[in-house]
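Accompanying notes for the structure given below.
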Amino acid sequence: MRFLKYAAAATLMATAPLAAAQQLSIATGGTGGTYYPLGGGLAEMIGKHIESYDAVAEVTGASVENMGLVWRGDSDMALALADTVHQAYNGTGDFEGRQLENIRALASVYPNAVQIVTLADSGVETLADLEGKTISVGAPGSGTELNARAVLEANGITYDDIDPRRLNFNETADAIRDGDIAAGFWSVGPPTSSIMNLATTRDIRLIGLTDEQVANAREESPVFARYSLREGLYEGMDEAVQTIGVPNVLAVSSEMDEELAYQVTKMLFERTDELIDIHPAANDTTVEFSIESTPIAFHPGALRYYEEVGADIADHQRP
């Protein structure tokens, strides 16, 4: 009888369904940018390396929308520009009067570059040449639009001086190709597929910023940093172009399980080669870059990892 009892228990164990892995949602951006493939790579790594969890990358309107998704608990993680994250955390800018106090960072994963693209024969050669033109300033609620507005206004150009169109990356590339707009803004890790595809069918020009324009932009938003788009980045680009960059933050809710936050942070930095295989922007995914550029408090689970590796954490990065 004892044998039969154990045999029956073993049969029940063998036929019982395994516990389903918990599904995590990663808010990214449009399919033509860097967030979506990078988020997809991160999701794949979570399913592969973190026990009992699966993840999926979600297409979204990017940074501003992503902060709301994490705040409400509709997404577990999100990629967002540092200035957007900083505004959400402090209740300033687009988040004036609605501070999202539960936003925390796991890491800053790579810098975005503000890329202003036009056709080579458009006659647009400087930032000032955008006045009076139809310009894509990025998708509604995106970090690209926040950056575009900051760069323009810091240098004396308002939306009243242009005809702004709120298009995502692929729509912006198509509109430039078809001559529907004169230029467009991207705030994304270079190189990005939508600009690469545009450069294969049209001769393009990237509009550089002068030292004064960079200084003006940095005064407008302290998370901006000088950045150089390297020669040959896109087809036909025969010299480097000066612009500004903004770190991208992997943000979560303060309510995320501490062990999960620790495991994701550890995986991010100790298996970075897997993420680089997905997108070259991850070449900048280092502990040093994250500590240097993250503008808000880290999640306690992430802090545990940084302390383990001996990182020098700033006061504003502690909850």
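Side notes on the structure shown:
- The range 282-319, subset hydroxyl-bearing (Ser, Thr, Tyr) and under 14 Å from Pro111 (Cβ atoms), residue most open to solvent (accessible area, probe 1.4 Å): Thr286
- Failed criterion for Thr118 (all others in (1) assigned to a strand (DSSP E or B); (2) under 19 Å from Ser194 (Cα atoms); (3) under 19 Å from the mean Cα position of the chain (by Cα) hold): (3)
- Of the candidates Val249, Val264, Val241, Val287, the single residue that is at pLDDT 95 or above and closer than 30 Å to Arg205 by Cβ is Val241.
- Qualifying positions in the range 197-220 - touching a Gly at 6+ places or on another chain (Cβ under 9 Å) and either open to solvent by less than 50 Å² (accessible area, probe 1.4 Å) or not in a loop (DSSP other than H, G, I, E, B) (or both): Asn197, Ala199, Ile204, Arg205, Asn216
- Residues satisfying the stated conditions in the range 244-258, i.e. open to solvent by less than 80 Å² (accessible area, probe 1.4 Å) and out of contact with any Lys or Arg (no Cβ under 8 Å at 6 or more places or on another chain): Val246, Pro247, Asn248, Val249, Leu250
- Subset tally (residues that are under 25 Å from Ile296 (Cβ atoms) and touching a residue at least 12 places away in the same chain (Cβ under 8 Å)) for the range 193-235: 12
- Ala105 over 21 Å from Asn168 (Cα atoms) and surrounded by fewer than 24 Cβ atoms within 10 Å (Cβ to Cβ): no
- Here Asp174 qualifies as open to solvent by 10 Å² or more (accessible area, probe 1.4 Å) and closer than 29 Å to Val249 by Cα.
- All of Asp238, Asp161, Asp180 fail the test of being more than 24 Å from Ala80 (Cα to Cα) and free of Cβ contacts under 8 Å to residues at least 12 places away in the same chain, apart from Asp238.
- Qualifying position, being in a loop (DSSP other than H, G, I, E, B) and not β-branched (Val, Ile, Thr), among Pro140, Pro164: Pro140
The values are calculated or read from the model by the stated rules, or taken from the named source; none is laboratory data. Bear in mind that the values here come from a model prediction, so they are computed numbers and not experimental data. As a convention, Cβ positions derive from the backbone with ideal geometry for all residues, glycine included, and neighbour counts pool all protein chains shown. Only protein heavy atoms, including side chains, enter the accessible area calculation; ligands, DNA and RNA are left aside. Shrake-Rupley method; radii C 1.70, N 1.55, O 1.52, S 1.80 Å.
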